Each structure stands twice: as C-alpha cells, then as structure tokens.
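Everything on this sheet refers to the single structure shown next.
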Amino acid sequence: MEEKSPRPSRSPRVPPRSVRLTPSGTVDPKYLVHNTYAHLQGGASPGDLPGCVGGGGAGPGGGVGGGGIPGLMINSAIGLGGGGACSPVTSVSGGSPLGMPGDEFRSHNHAERTMRRLEQFLGKRQLCDVVLVAEQRRLPAHRLILSAASDYFAAMFTSDVREAAMGEIHIKGVDSDALASLVQYVYTGQVQLREDNVENLLSAACLLQMSEVVEACCGFLMKQLHPSNCIGIRQFADLQGCTDLYKVANNYVMDRFMEVMHSHEFVLLPCDEVCQLLASDDLNVPTEETIFEAVLRWAQHDLPSRRKCLAMLLAHIKLPLMAPQFIADHVETNSLFQDDKDCHQLIMEALKYHLLPERRSSLQSPRTKPRKSTVGVLYAVGSMECTKGPTSIEKYDLRTNTWTQVASMCGRRLQFGVAVLDEKLFVVGGRDGLKTLNTVECYDPKKKSWALMPPMSTHRHGLGVGVLEGPMYAVGGHDGWSYLNTVERWDPQARQWSYVAPMSTARSTVGVAALHGKLYAVGGRDGSSCLKSVECFDPHTNKWTHCTPMSKRRGGVGAANCGGYLYVVGGYEAPATNPQNSRFDCAERYDPKTDQWTIIAAMSCPRDSVGLCPLGDKLFSVGGYDGMQYLSDVECYDPGSNEWNKVSPLCTGRAGACVVHMPNS
C-alpha cells in the first residue's frame with residue numbers, strides 16, 4: 001500500500017489561500033482562482049506554483065509539462081512562463097474537470113498607488129540608483145522610472161554608453177529648478193507652469209524628450225501671446241524646434257503686425273530678421289505705407305549702426321504699389337535715402353512704374369506683387385442656388401483663404417447686376433419671380449446697412465453692370481418682354497440715371513468689364529442664339545465700336561479685366577431653353593492693343609453663369625452651373641503661370657453670383 005504524504009505545514013512556501021492541495025500533494029481543482037491582474041501568460045506545472053521550483057510549459061489546450069494538471073494554466077504577475085520560480089501573487093486560469101466558474105480581480109488604481117509608493121521611495125532616497133546633477137544641484141532618482149518617462153534617459157540607460165553605468169549624470173545647459181520639476185513630474189504626473197519658469201521647463205523638456213510636457217508648455221505660451229512678446233516667443237520656439245508653437249506665434253506676428261511694429265521687441269530685432277518679416281506676403285497691413293513706417297521706426301532706433309541696412313530693407317517694401325503722391329512726398333524727399341545709391345535706384349523704379357504704365361509688363365518684380373492683405377476683398381452677392389435665389393452675401397479674404405457670410409439683401413433678386421462705388425455695393429435691377437425690377441439698393445459694409453437708391457428708367461434682368469471713370473453703367477438685359485440693347489448711366493454726383501448710346505446688338509446674360517477707359521460688352525444672347533460678338537463703348541465719343549469676336553458663342557459668360565487684358569470664361573453655346581446646351585470650361589484673353597483673342601488654360605470643369613473678378617494680380621472664377629448642380633467651387637488663375645488652382649469654396653453653391661472687388665479703404 002502506498003504511503004501517504006504528510007500534510008504540509010504552514011511556511012513561507014505554502015501556496016496562498018486561493019490554491020489548496022489534496023492529501024496527495026496535488027492542486028485541488030475546486031479551489032483554482034483566475035486572477036487577470038497578471039501581465040503575461042505562460043504554462044505551468046505543479047512545480048511552478050508558489051513555493052515550488054522547476055516545472056514545464058503548457059500548450060493552450062492540452063495538459064501541462066512536468067506532470068501538470070490537464071487544462072491548467074497559471075499566469076504569473078511578474079510575467080514568468082513555464083519553468084522557474086513563481087511570484088507569491090499568481091493568476092490561475094483554465095477549466096477544471098468539473099468546469100467550475102472562475103473569479104476575476106482587477107486593481108483599478110494599481111498604477112496610481114504604485115507611483116505614489118515610488119514617490120515615497122524618492123522622498124526618502126530609498127532604492128535610488130542614479131543622481132542627476134545640474135548647476136551643482138544633486139537630484140537622486142530611479143533609472144527605470146526616468147527611462148519610462150523620458151526617451152532621452154531611456155536611450156542613455158539602455159545603450160552601450162558610458163553614462164549607462166555611471167551613478168552620477170551631469171546634465172549641462174539645463175536650469176536646475178526646471179530639472180527638479182521634471183524629475184518630480186516623472187513620479188507625480190504634475191508640473192506647475194508659470195510665466196517665470198515655462199521657458200526653462202520647455203527647454204529642459206525638449207532636451208529630455210518629454211513630449212507631454214513640451215506640448216503643455218507650448219500650449220501655455222500660446223495663451224500668453226501678446227503684441228509685446230510674440231516676437232520673443234516666436235524666436236524661442238524656433239530655437240527649441242517647436243514647430244507648432246512657432247507656427248502659432250508667427251501667425252500672430254503676421255496677424256497683429258500693426259501693433260507688433262510698435263513693440264520694443266520689434267526695434268531690437270537684427271536686420272536679417274526684419275528683412276525676413278518684411279519679405280512675407282502674409283503681413284496683415286492695409287497698405288505698403290504701413291511697412292515703410294515700420295522700417296523708419298526700426299532704423300531710427302539706432303540710426304548710426306543701421307543706416308547701412310536701409311537699402312536692404314527698402315528692397316522688401318513694394319514701393320511701386322504705393323500711391324505716387326506718397327512716394328514723392330515721403331520717400332523720395334526723405335534725407336535717409338538721398339545719399340544711398342541703391343535706395344535711389346529703388347525709388348526711381350517705383351516712379352517709373354507710375355509714370356510709364358504701358359511698360360509695366362516689363363517692370364515686373366517681387367516688389368510689384370501685392371501682399372495678400374493689401375488687395376482688398378471679394379464679395380459674392382446673391383443669385384441662384386438650390387433654393388432658387390439666396391439673399392446672402394459672402395466675403396473672401398485672400399490672406400486667410402476663407403469665405404464668410406457678412407450680410408443679406410433686403411429682398412430676393414435673380415439675374416441682377418452689382419458694382420462698387422465709393423466703397424459701397426450697388427445692387428441693380430434683376431427679377432423677383434416673374435417680375436422684372438428697375439430698383440437699386442446700396443449696401444455699406446462699414447455701417448452694415450442698406451439704402452434705397454433712385455431706380456433705373458428701364459426694368460432689367462440679365463443685365464451687365466460696370467464702373468468706368470466714376471459713373472456706373474447698366475448694360476442690356478431683358479425687360480420681361482424683349483431683349484435690350486439700351487444702356488443707362490448712373491451719375492454719383494447728380495444721383496440720377498440717364499441713357500447713353502445703345503449697343504448695336506441686344507444682349508442678355510452679357511459679360512461687362514471696363515478696360516483702358518472703355519466699357520466692353522461680351523457675348524450674351526439675343527433671343528435667337530448665343531453671341532460671340534464683342535463691342536466697346538467710349539464715354540468721350542458716346543459710341544459703341546465692334547471688336548474682334550471671341551472664338552466661341554458664349555451666353556452666361558464671366559468677364560473681367562486683369563493686368564491690362566480682358567478675360568472671359570465659361571458660358572453656354574445654345575439658348576438656355578435647349579436642355580442639350582453645351583457648357584464650356586475654356587477661357588480666352590483679349591488684348592486691346594492688338595484687338596486679338598488668345599486661348600488660355602481651361603478651368604477644372606465646364607460651367608455657365610460663373611462670376612469672374614480680379615483680386616490682386618490674379619483672377620477668381622466663382623460658382624456657376626454645370627448642368628447638374630449649383631457650384632460652390634472657386635478657382636484662381638495666375639496669368640504668369642497660365643494655371644488655375646482651386647481655393648476655398650463658397651459657403652453656398654451659387655450660379656450667376658455677382659462677384660465684385662472692394663479695395664482697402
């Protein structure tokens with residue numbers, strides 16, 4: 001008869017209460033507990049249990065090695081697999097022969113309690129295995145904890161470098177208080193950010209590669225941005241390689257340059273950094289005269305040493321785009337520039353640009369390209385969309401590349417005309433349903449108010465509107481009964497309408513633009529077909545003259561002048577009543593000197609009823625109808641590269657929107 005094994009006595013090697021042995025010394029399956037607190041799983045044998053040494057590994061579904069229990073798996077909290085000594089804390093899982101359900105325990109604040117315990121060890125300087133030294137200050141710590149929180153220390157202590165084995169590490173170029181705060185953060189996850197310590201903390205956190213602290217410091221500095229400190233924060237972000245902070249600070253400098261230029265930080269900038277600022281087309285200034293004032297202020301802060309920089313700075317001011325009166329009164333006569341040959345050449349370049357406008361195409365340079373904030377804004381007014389006629393007005397800002405809704409018309413209008421006079425929007429004619437209108441409304445963007453103006457003599461929709469040498473012209477259209485060739489002129493001083501010479505051809509949905517002292521009427525339709533003919537009006541002779549026709553018939557055409565040329569885009573070929581009418585993506589340019597049309601790059605998609613307007617040195621095509629939907633697409637044409645590029649779309653899809661340019665006041 002086999003001799004029974006004696007029952008083991010209580011000792012440090014006895015299994016915990018969650019595991020009991022049978023009289024034969026094996027584990028009783030009825031008392032197995034599944035503890036999922038363990039980090040890793042591994043097979044086990046009885047020798048793997050607490051108090052035992054040895055054992056073998058188990059497969060996922062079979063028995064265990066080393067004489068183990070079938071279907072048993074023991075998970076060690078310290079990550080041991082099959083074999084080796086086990087921790088006193090174990091997780092036992094697996095199905096017993098009886099299929100008994102298991103229990104599960106998870107500590108939800110384990111990490112917090114553990115880190116609090118480690119912080120206590122740090123406070124008592126227990127188990128510390130490294131000392132960090134900065135500015136003669138000694139900071140004990142634990143290598144493992146530092147490595148877990150900092151990629152810098154992880155690389156140091158896990159690589160084959162000298163510091164990996166050193167008990168004392170000297171951290172150079174780091175503020176000792178900042179390092180102490182970061183060591184404390186490693187254990188607590190907390191750090192105090194203040195105006196007097198954030199830069200030192202950010203510098204140290206960048207060095208130690210503690211990304212969360214870097215992000216927190218950058219966020220704190222972003223909230224502290226002010227015209228008086230934004231240049232310094234921008235420089236510091238650049239020095240530390242904090243790209244997000246640099247971008248935000250740089251945008252702040254650009255946005256608030258009118259205030260920044262009066263700060264003490266600005267006048268302390270070195271010459272090359274001032275040049276870098278002035279070279280940007282994103283500076284938010286109303287005119288180049290503002291930039292000129294900033295340069296004078298910077299130079300006069302230390303004139304003896306900065307006089308040699310004047311020509312370099314003046315080269316970054318767009319002198320040709322200044323008012324000629326300002327150049328003559330404030331630039332050419334300024335004593336700072338009179339003895340500088342390079343400055344004198346730049347001033348002469350600007351004067352030639354104004355004195356010889358016919359040669360401007362050969363005088364192009366970076367100084368003739370306007371800054372985004374100086375070109376004014378575009379307004380897209382009303383017209384049709386899926387609700388058959390929005391009353392909203394949107395404004396486009398080139399510098400921010402955004403459209404925003406700014407106002408609404410007093411009533412619903414379709415197929416009207418819009419022009420800008422005296423920094424106000426004039427909405428002329430159109431139709432409200434089947435009723436053709438002769439009324440005129442005026443919107444003041446500054447006061448955000450509407451005023452009713454004297455009406456036209458003729459009711460018109462589908463008309464073209466343009467401004468030529470002061471007066472506004474209403475060209476052609478349809479009066480509800482017939483297509484019109486008549487033209488009316490609005491005199492802003494007399495505040496009244498009067499007829500001028502009629503066109504030779506009746507035109508509705510006509511494109512109208514002013515160029516070189518003449519008013520051009522382009523395409524449209526006359527009731528029987530779309531037109532490709534073009535005629536121009538001379539206000540001094542009160543006569544219309546035929547020009548070379550376009551290459552295509554175009555109704556619903558967009559027309560505008562830019563850089564001394566007349567541009568037309570889009571349109572349709574057949575009458576609007578024809579459902580099979582053909583829409584165009586092609587565009588043409590007219591040179592009034594040669595009376596010739598040239599095909600240019602096409603837009604991205606065919607469309608009619610497209611708005612076309614210049615902004616700066618580029619053209620913008622806005623909205624339109626492609627036969628399926630009213631478009632919100634906006635494209636920008638660069639005459640220099642002969643390319644169209646999409647920009648920010650409208651808030652609302654529109655066809656036949658009236659798009660006009662409002663210059664800066």
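In the stretch 544-552, is there at least one residue being of a type in the set (Val, Ile, Thr), in contact with an Asp or Glu (Cβ under 7 Å, 6 or more places away or on another chain), buried (at least 19 other Cβ atoms within 10 Å of the Cβ) and closer than 30 Å to Gln364 by Cα?
At the first step, the residues of the stretch 544-552 found to be of a type in the set (Val, Ile, Thr) are 545, 548.
Going one step further and asking which of them are in contact with an Asp or Glu (Cβ under 7 Å, 6 or more places away or on another chain), we end up with 545, 548.
Filter once more, keeping what is buried (at least 19 other Cβ atoms within 10 Å of the Cβ): none.
No, the conditions are met nowhere in the stretch 544-552.
Criterion first (surrounded by fewer than 22 Cβ atoms within 10 Å (Cβ to Cβ) and without any contact (Cβ under 8 Å) to a residue 12 or more places away in the chain) does Arg359 satisfy it?
Spelling it out, Arg359 is indeed surrounded by fewer than 22 Cβ atoms within 10 Å (Cβ to Cβ) and without any contact (Cβ under 8 Å) to a residue 12 or more places away in the chain.
Taking Glu265 as meeting all but one of (1) part of a helix (DSSP H, G or I); (2) over 28 Å from the mean Cα position of the chain (by Cα), write down the number of the exception.
(2)
Would you tally the residues in the stretch 198-216 being within 28 Å of Arg117 (Cβ to Cβ) and either β-branched (Val, Ile, Thr) or out of contact with any Asp or Glu (no Cβ under 7 Å at 6 or more places or on another chain) (or both)?
10
Hey, any hits in the stretch 586-602 for a residue that's more than 30 Å from Ser362 (Cα to Cα), at pLDDT below 95 and crowded, with 17+ Cβ neighbours inside 10 Å?
no
Within the stretch 340-351, is there a residue that is exposed (fewer than 14 other Cβ atoms within 10 Å of the Cβ) and either in contact (Cβ under 8 Å) with a residue 60 or more places away in the chain or in the same structural domain as Arg431 (by TED's automatic domain parsing) (or both)?
There is no residue in the stretch 340-351 that is exposed (fewer than 14 other Cβ atoms within 10 Å of the Cβ) and either in contact (Cβ under 8 Å) with a residue 60 or more places away in the chain or in the same structural domain as Arg431 (by TED's automatic domain parsing) (or both).
Based on what the data block shows, is Cys230 within 14 Å of Ala294 (Cα to Cα), touching a residue at least 24 places away in the same chain (Cβ under 8 Å) and touching a helix residue (DSSP H, G or I) at 6+ places or on another chain (Cβ under 7 Å)?
Answer is no for this residue.
If only one of His264, His301 is without any contact (Cβ under 8 Å) to a residue 40 or more places away in the chain, surrounded by fewer than 18 Cβ atoms within 10 Å (Cβ to Cβ) and over 26 Å from Phe326 (Cα atoms), which one is it?
Sole residue among the options that is without any contact (Cβ under 8 Å) to a residue 40 or more places away in the chain, surrounded by fewer than 18 Cβ atoms within 10 Å (Cβ to Cβ) and over 26 Å from Phe326 (Cα atoms): His264.
Please verify whether Asp538 is surrounded by fewer than 24 Cβ atoms within 10 Å (Cβ to Cβ) and at pLDDT below 95, treating the condition exactly as stated.
Considered against the rule, which asks whether it is surrounded by fewer than 24 Cβ atoms within 10 Å (Cβ to Cβ) and at pLDDT below 95, Asp538 comes out as no.
Go through the stretch 523-560 and give me each residue that's under 26 Å from Ser582 (Cβ atoms), in a strand (DSSP E or B) and not hydrophobic (A, V, I, L, M, F, W, C).
Across the stretch 523-560, the qualifying residues are Arg525, Glu535, His546, Gly555, Gly558.
Hey, does the stretch 318-335 have a residue that's touching a Cys at 6+ places or on another chain (Cβ under 9 Å), within 23 Å of Gln364 (Cβ to Cβ) and not in a helix (DSSP H, G or I)?
no
Quick one: which of Gly611, Gly571, Gly563, Gly555 is surrounded by 19 or more Cβ atoms within 10 Å (Cβ to Cβ), closer than 30 Å to Gln364 by Cβ and under 38 Å from the mean Cα position of the chain (by Cα)?
None of the other options fit; the residue is Gly611.
Run down Val475, Val522, Val487 and say which single residue is of a type in the set (Val, Ile, Thr), surrounded by 20 or more Cβ atoms within 10 Å (Cβ to Cβ) and under 38 Å from the mean Cα position of the chain (by Cα).
Val522
Anything in the stretch 219-256 that is more than 19 Å from Pro270 (Cα to Cα) and not in a helix (DSSP H, G or I)? List them, or say none.
Gln224, Leu225, His226, Gly241, Cys242, Arg256
Would you mind stating whether Gly241 is touching a residue at least 12 places away in the same chain (Cβ under 8 Å), more than 30 Å from Cys309 (Cβ to Cβ) and surrounded by fewer than 14 Cβ atoms within 10 Å (Cβ to Cβ)?
Spelling it out, it is not the case that Gly241 is touching a residue at least 12 places away in the same chain (Cβ under 8 Å), more than 30 Å from Cys309 (Cβ to Cβ) and surrounded by fewer than 14 Cβ atoms within 10 Å (Cβ to Cβ).
So, in the stretch 640-656, exactly how many residues are more than 22 Å from Arg589 (Cβ to Cβ) and assigned to a loop (DSSP other than H, G, I, E, B)?
Residues in the stretch 640-656 being more than 22 Å from Arg589 (Cβ to Cβ) and assigned to a loop (DSSP other than H, G, I, E, B): 8 in total.
Please go through the stretch 172-191 and give me each residue that is closer than 18 Å to Ser211 by Cβ and of a type outside the set (Ser, Thr, Tyr), ordered by number.
If the condition is that a residue be closer than 18 Å to Ser211 by Cβ and of a type outside the set (Ser, Thr, Tyr), then Val174, Ala178, Leu179, Leu182, Val183, Gln184, Val186, Gly189, Gln190, Val191 are the ones that fit.
Does at least one position in the stretch 519-530 carry a residue that is of a type in the set (A, V, I, L, M) and farther than 14 Å from Gly466 by Cβ?
Taking every residue of the stretch 519-530 in turn, none turns out to be of a type in the set (A, V, I, L, M) and farther than 14 Å from Gly466 by Cβ.
The values are calculated or read from the model by the stated rules, or taken from the named source; none is laboratory data. Predicted, not measured: the structure shown is a model, and the values here were computed from it. We place every Cβ from the backbone using ideal geometry, glycine too, and count neighbours over all the protein chains shown.
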